[in-house]
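The values are calculated or read from the model by the stated rules, or taken from the named source; none is laboratory data. Just so we're clear, the structure is a prediction, and the values are computed from it rather than from any experiment. Here the Cβ positions follow ideal geometry from the backbone for every residue, glycine too, while neighbour counts run over all protein chains shown. Remember, those area values only see protein heavy atoms, side chains included, never the ligands or the DNA or RNA. Shrake-Rupley method; radii C 1.70, N 1.55, O 1.52, S 1.80 Å.
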Amino acid sequence: QSVMFTHQDTGVWSDMVSIFWAAGLQVVGAWYIATETTSELKKGGYVQGTLILMLRKRPDGERPGFKQRLLPEVKREVDAQIKQMMHLNTETQTKMGAPVFNDSDLQMAGYAAALKVLTGYTSIGGEDVTAFALRPRRKGETTVVDEIVEQAAETANSLLVPEGLDRETWAAIGGIQRFYLRMLDMETTGAAKLDNYQNFAKAFRVRDYAAVMASIKPNAARMKAIPEFKPRDLTDHTEIGPTPLGALIVAIQEFLADKEPEVVMANLRDAVPDYLHRRPLLIDMAAFIAAKARGPEIRRAAEAIASRLRNQRLQ
């Protein structure tokens with residue numbers, strides 16, 4: 001069986017598990033394919049990608065599963081699938097000059113791996129999967145399937161560390177910070193399709209990704225460059241404002257405005273709670289922006305801040 005679907009809500013993955021359980025089917029493969037292009041008739045943030053799942057009849061026999069066993073199994077499946085895809089990317093890049101999988105493919109592999117594992121079981125926590133699938137879903141309810149699918153996405157995203165960013169930094173941040181840095185890295189490769197931004201915003205649980213976007217045109221999407229952020233974009237009432245990355249963006253803006261470097265660094269120190277503990281994180285993010293940002297003046301300002309952070313004498 002082949003199933004094709006397009007979605008904007010990551011909760012659909014849990015619903016798909018229930019549908020396949022009730023139908024007695026197991027997921028054996030998945031692909032994410034760009035299927036839409038822009039036109040004058042299609043304006044705004046519509047979804048541009050379609051997911052194609054391959055399924056076959058679930059083998060006969062009982063296969064009971066429990067959360068404590070499923071979680072590590074899903075993690076292993078996600079880890080193995082993404083590492084295999086990244087290995088193929090490296091080989092293809094070396095031989096043909098371009099990777100075969102993009103970041104969206106790799107990210108969707110996390111969800112697909114969860115479906116492969118879950119749909120192979122006949123009961124979860126002692127409950128028959130068909131009965132589980134047919135039970136009405138209560139509004140706001142979080143099931144064991146939701147938890148497992150969510151962990152699969154987290155595992156996938158933790159493996160997709162942007163090139164040039166330290167793994168420890170990636171592990172220490174989340175949400176809007178991961179989104180901004182991941183997409184900054186993607187934009188250096190010329191990526192400009194809106195579905196990339198949509199998919200990662202969902203995966204990182206960003207409430208309003210459009211707040212950090214300069215354009216949400218389907219085939220010409222891009223994030224705000226650091227000078228394009230307005231003061232209202234960086235207040236404590238926004239997602240990015242209260243974060244270390246938000247404070248770093250303000251510091252780079254002040255540097256670009258020729259504010260005294262000592263004042264810029266003092267403001268940065270005051271703006272970041274637990275500054276001493278987060279200083280290595282700020283250094284790594286500033287160096288990453290210096291390597292990835294559009295515009296030489298932004299890169300120079302970010303590198304100057306990274307250098308001052310490294311050499312800063314702390315009382």
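Taking 30 Å as R0, compute the FRET efficiency from the Cβ-Cβ separation of T94 and E303 and round it to 0.05. Working shown, then result.
On the way: r = 30 Å, r/R0 = 1.00.
After rounding to 0.05, the efficiency reads 0.50.
Pairing the Cα long axis of helix 261-271 with the longest principal axis of the chain, what angle in degrees results, from 0 to 90 and rounded to the nearest 10?
40 degrees
Averaged per residue, what accessible surface does the range 76-225 expose to a 1.4 Å probe, in Å²?
Per residue, the range 76-225 has an accessible area of 44 Å².
Leaving out ligands, DNA and RNA but keeping every protein chain, what accessible area does V144 have, in Å² rounded to the nearest 10, with a 1.4 Å probe?
The value for V144 is about 40 Å².
Over all distinct alpha-carbon pairs, what is the Kirkwood Rh of the chain in angstrom?
21.4 Å
Express the carbon and sulfur contribution to the solvent-accessible surface of the chain as a percent, rounded to the nearest whole number, probe 1.4 angstrom.
Working: 8340 of 15910 Å².
Within the chain, the accessible surface is 52 percent carbon and sulfur.
List the residues whose amide H sits under 5 Å from the amide H of G65, counting only those 5 or more places along or on another chain, with H placed 1.01 Å from N in the peptide plane.
Result for G65 returns T122, S123, I124, G125, G126.
What is the packing order of peptides 180-189, 283-292, 218-227, 252-261, taking the mean over residues of other C-beta atoms within 10 Å and listing the highest first? Before the final figure, lay out each step's value.
Working: 180-189: 20.2, 283-292: 21.7, 218-227: 17.5, 252-261: 16.0.
With the highest mean Cβ count within 10 Å placed first, the list reads 283-292, 180-189, 218-227, 252-261.
Which ³J(HN,Hα) values in Hz, rounded to whole numbers, follow from the phi angles of the range 196-213 under the Karplus curve 6.51 cos²θ - 1.76 cosθ + 1.60, where θ = phi - 60° and Gly and Pro get x?
Karplus-based 3J(HN,Hα) across the range 196-213 equals 4, 5, 4, 5, 6, 4, 5, 5, 8, 6, 7, 5, 9, 5, 4, 5, 10, 9 Hz.
Straight distance only, please: which aspartates and glutamates reach the Cα of K95 with their own Cα at less than 18 Å, same-chain residues fewer than 8 apart left out?
Candidates past the 8-residue exclusion: nothing left.
Amide H of V28 versus every other amide H placed in the peptide plane: which residues, excluding those fewer than 5 positions away on the same chain, fall under 5 Å?
M54, L55, R56
If I stretch the segment between A192 and R138 completely, what's the gain in nm (0.36 nm per residue apart, minus their alpha carbon distance), one decimal?
Value of the extension gain: 15.6 nm.
Between Y275 and V28, what is the label-point separation in nm under the 7 Å Cα-to-beta-carbon projection?
6.0 nm
Go ahead and run the numbers for FRET between N267 and S215, Cβ-Cβ distance against an R0 of 30 Å, rounding to 0.05.
0.50
Can you tell which of T143, T238, T155 shows the greatest fluctuation in a Gaussian network model of the chain with Cα springs below 10 Å?
T143
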